[in-house]
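Asker: Before we start, here is the structure in question, set down as structure tokens.
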Amino acid sequence: DLATALNERGQARYLRVEFAAAMEDYTAAIECQPGFEVPYYNRGLVLYRLGCFDEAMEDFRKVLELNPRFEDAALSLKQAMLDKEEKQKRGY
């Protein structure tokens with residue numbers, strides 16, 4: 001289906017470090033199929049890598065809302081929270 005294809009294209013772009021293009025694909029996949037948790041997770045990973053911890057945590061929380069057993073999302077959420085706290089402690 002289209003959402004899966006967009007997500008997969010986003011993955012290819014992510015692996016090529018084309019983060020903006022990957023995020024566009026993940027967002028399009030979400031718009032196409034809002035109940036599909038994987039593109040939220042993938043977009044959250046890009047946001048995390050860019051240091052956008054609040055936005056990443058929002059995506060990881062949405063994944064867990066859609067699929068409470070998505071372990072990688074739970075771990076990523078916890079890591080984003082820790083990294084945000086550390087960033088705040090260091091003052092940047």
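The values are calculated or read from the model by the stated rules, or taken from the named source; none is laboratory data. Worth saying up front: this structure is predicted, and the values here are computed from it rather than measured. Ideal geometry is used to build each Cβ from the backbone, glycine not excepted, and the neighbour counts take in all protein chains shown. When the accessible area is computed, the model is the full protein with side chains, heavy atoms only, and any ligands, DNA or RNA have been set aside. Shrake-Rupley method; radii C 1.70, N 1.55, O 1.52, S 1.80 Å.
Asker: Please state the charge dipole magnitude for segment 2-90, taken about the Cα centre, from unit charges on C-beta atoms (+1 on K and R, -1 on D and E), reported in debye and rounded to the nearest 20.
Answerer: On the way: 13 positive and 16 negative charges, 57 e Å.
Roughly 280 debye for segment 2-90.
Asker: If you don't mind, another one. Which residue fluctuates the most in the chain, going by a Gaussian network model with Cα springs under 10 Å, if the choices are Leu77, Leu66, Leu15?
Answerer: Leu15
Asker: Show that you can apply the helix-only estimate: for the chain, add -39,500 (n - 2.57) for every DSSP H stretch of four or more residues, divide by all residues, and state [θ] at 222 nm to the nearest 500. Could you put the intermediate results ahead of the total?
Answerer: On the way: 5 runs with 75 residues, N = 92.
One gets -26500 deg cm²/dmol as the mean residue ellipticity at 222 nm.
Asker: Just name one of Phe70, Gln11, Leu45: the one whose Cα is farthest towards the positive end of the charge dipole of the chain (beta-carbon charges, Lys/Arg +1, Asp/Glu -1).
Answerer: Leu45
Asker: Right, something else. Evaluated at 20 °C with a viscosity of 1.002 mPa s, what Stokes-Einstein diffusion coefficient in µm²/s does segment 1-51 have when Rh comes from the Kirkwood expression over alpha-carbon pairs? Don't jump to the answer; show the numbers that get you there.
Answerer: Details: Rh = 10.2 Å.
Stokes-Einstein gives a translational diffusion coefficient of 209 µm²/s.
Asker: Leaving out ligands, DNA and RNA, and with a 1.4 Å probe, what % of the accessible surface on the chain is carbon or sulfur?
Answerer: Working: 2920 of 5620 Å².
Here carbon and sulfur together make up 52 percent of the probe-accessible area.
Asker: Right, another one. Please identify every one of the trypsin sites (Lys or Arg not before Pro) in segment 1-42 that sits in a loop by DSSP and has no more than 14 other beta carbons within 10 Å of its own beta carbon. Walk me through the numbers before you get to the answer.
Answerer: Details: sites: Arg9, Arg13, Arg16; in loops: Arg16.
Taking segment 1-42 and a limit of 14 other Cβ atoms within 10 Å, the loop trypsin sites (Lys or Arg not before Pro) found are Arg16.
Asker: Next question, about the same structure. Find, among the trypsin sites (Lys or Arg not before Pro) in segment 30-92, those assigned to loop by DSSP (not H, G, I, E, B) with at most 12 other beta-carbon atoms within 10 angstrom. The partial results should precede the final answer.
Answerer: Details: sites: Arg43, Arg49, Arg61, Lys62, Arg69, Lys78, Lys84, Lys87, Lys89, Arg90; in loops: Arg69.
In loop regions of segment 30-92 (DSSP not H, G, I, E or B), the sparsely surrounded trypsin sites (Lys or Arg not before Pro) are Arg69.
Asker: Could you give the length gained on full extension between Asp54 and Arg90, defined as 0.36 nm per residue of separation minus the Cα-Cα distance, in nm?
Answerer: Values: separation 36, 0.36 × 36 = 12.96 nm, distance 1.68 nm.
Contour length minus Cα-Cα distance gives 11.3 nm.
Asker: Another question, then. So what are the chain's ellipsoid semi-axes, whole angstrom, largest first, if each one is the square root of 5 times an eigenvalue of the alpha-carbon gyration tensor?
Answerer: Details: eigenvalues 106, 49, 16 Å².
Semi-axis lengths for the chain are 23, 16, 9 Å.
Asker: Per residue, what accessible area does the chain have, given a 1.4 Å probe and all protein chains present, in Å²? Intermediate values should be presented prior to the final figure.
Answerer: Numbers: 5620 Å² over 92 residues.
For the chain, the solvent-accessible area averages 61 Å² per residue.
Asker: In µm²/s, what is D for segment 32-76 at 37 °C and 0.692 mPa s, where D = kT/(6 pi eta Rh) by Stokes-Einstein and Rh is the Kirkwood radius from Cα pairs? Please list the in-between numbers first.
Answerer: Numbers: Rh = 10.1 Å.
Result for D is 326 µm²/s.
Asker: Compute the long axis of helix 71-90 from its Cα atoms, compare it with the longest principal axis of the Cα atoms of the chain, and write down the angle in degrees, 0 to 90, nearest 10.
Answerer: Long axis of 71-90 versus the principal axis of the chain: about 40 degrees.
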